[in-house]
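Structure, as structure tokens:
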Amino acid sequence: MLVDDFGREVTGVRISLTDRCNFDCVYCHNEGLGDTRGPMEPSDDEMSADDVVRFLEVAAEFDVGKVKFTGGEPMLRQDLEEIIERTPDSMETSLTTNGTFLPGRAEALKDAGLSRVNVSQDALDPDEFAEITKSGAYEKVIEGVEAALDAGLDPVKLNMVVFEHTAGYVEGMVDHVAENAGLQLQLIEYMPELTGKPEWNIDIGRVHDWLEEKADRVERREMHHRRRYFVGEGMVEIVDPVGNADFCANCHRVRVTHEGYLKGCLNRNDDLRAMGEMTKPEIREAFREVVANRVPYYGEYLVEDDEDGWVVNEEYIGA
């Protein structure tokens, strides 16, 4: 297993299969790359299924045990089932999707080896949902969640980005998962540094405080030291990386862009590393290099100044 200079083992990878998407969510940052979305047709710069599988076979050599497939919308890839089926047996596979293509494909994904799925759902009202996603596909998303549950892809995690537009919907969403066995809720802190709209930010600490009072019990995960709040039949987890050095100190994931670049940190694009022609020796070399150069974003790459703000560590300026 590869370990970076800060003692963080790389146990998982997150692979973007495409930057295409049938939604246009107002908060999207496309895996930290910004709004790079182009035409909806497949493009030559997307990794082929063979490329993805070859990378995963190398990752498995280094005892990476988990892979999450993302996008854009990864289910726009018609070869998604093939990629999952060809993923090394030692890896747990999961998927982040907007859910619109799960009806009709959820069972095939399960049969191919998919373990679980995260579905983006930022509101329970169709009009509110449409305002955030710029999509009228609310009913299709609900059908997709049901299809995933029926296929045995449970628990289904609902991803909800918490910012000015959605803060008023959090309580309703928490009640929704509390009343529906098989559903979990992942509240994701809005990242203004990646989206360019700092005025949409809210204090995620207030959500923690509210859940602390509402929950039947609270646990803390090893991954990122995330807190889990158990409410009724459901579980709510908060993903809060912004300004959180503890979160970064417990990050064990490397990302891969749809074009085949390794990315050591979501918040940085100055650490992208191409895998050449994606032969196994080239992938091994690039993977080792990216892990060796991984740096916790908050607490190392960015450090606090005298005014409790975050500034780039002088060690990395011009590096």
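The values are calculated or read from the model by the stated rules, or taken from the named source; none is laboratory data. Computed from a predicted model, the values in this text were never measured in an experiment. Don't worry about glycine lacking a Cβ; one is built from the backbone with ideal geometry, like all the others, and counts go over all protein chains shown.
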Residue 113 fails exactly one of (1) under 21 Å from the mean Cα position of the chain (by Cα); (2) touching a residue at least 40 places away in the same chain (Cβ under 8 Å), namely (2)
Checking 32, 72 in turn, the sole residue that is assigned to a loop (DSSP other than H, G, I, E, B), under 24 Å from residue 155 (Cα atoms), at pLDDT below 95 and under 15 Å from the mean Cα position of the chain (by Cα) turns out to be 72
| task | For segment 93-103, state whether one or more residues are farther than 28 Å from residue 190 by Cα and either of a type outside the set (Asp, Glu) or in contact with a Leu (Cβ under 8 Å, 6 or more places away or on another chain) (or both). | result | yes
Filtering segment 253-275 for residues that are over 20 Å from residue 241 (Cα atoms), of a type in the set (Lys, Arg) and assigned to a loop (DSSP other than H, G, I, E, B) leaves a count of 0
By residue number, the members of segment 276-319 that are modelled with pLDDT of 95 or more, farther than 24 Å from residue 245 by Cα and aliphatic (A, V, I, L, M) are 283, 286
Taking segment 276-319 and keeping residues in a strand (DSSP E or B) and touching a residue at least 24 places away in the same chain (Cβ under 8 Å) leaves 298, 310
Within segment 182-230, the count of residues that are surrounded by fewer than 17 Cβ atoms within 10 Å (Cβ to Cβ), out of contact with any strand residue (DSSP E or B) (no Cβ under 7 Å at 6 or more places or on another chain) and part of a helix (DSSP H, G or I) comes to 11
Residue set 239, 231; condition among the aliphatic types (A, V, I, L, M) and over 28 Å from residue 74 (Cα atoms); output residue 231
Per the list (1) among the charged types (D, E, K, R); (2) modelled with pLDDT of 90 or more; (3) under 18 Å from the mean Cα position of the chain (by Cα), residue check on residue 226 breaks on (2)
Considering only helices (runs of 4 or more DSSP H) wholly within segment 81-181, the ones with at least 2 residues that are modelled with pLDDT of 95 or more and surrounded by 16 or more Cβ atoms within 10 Å (Cβ to Cβ) are 106-112, 138-150, 170-178
Reported set for segment 231-250 where residues are within 21 Å of the chain's Cα centre (by Cα) and in a strand (DSSP E or B) is 234, 235, 236, 237, 238, 239
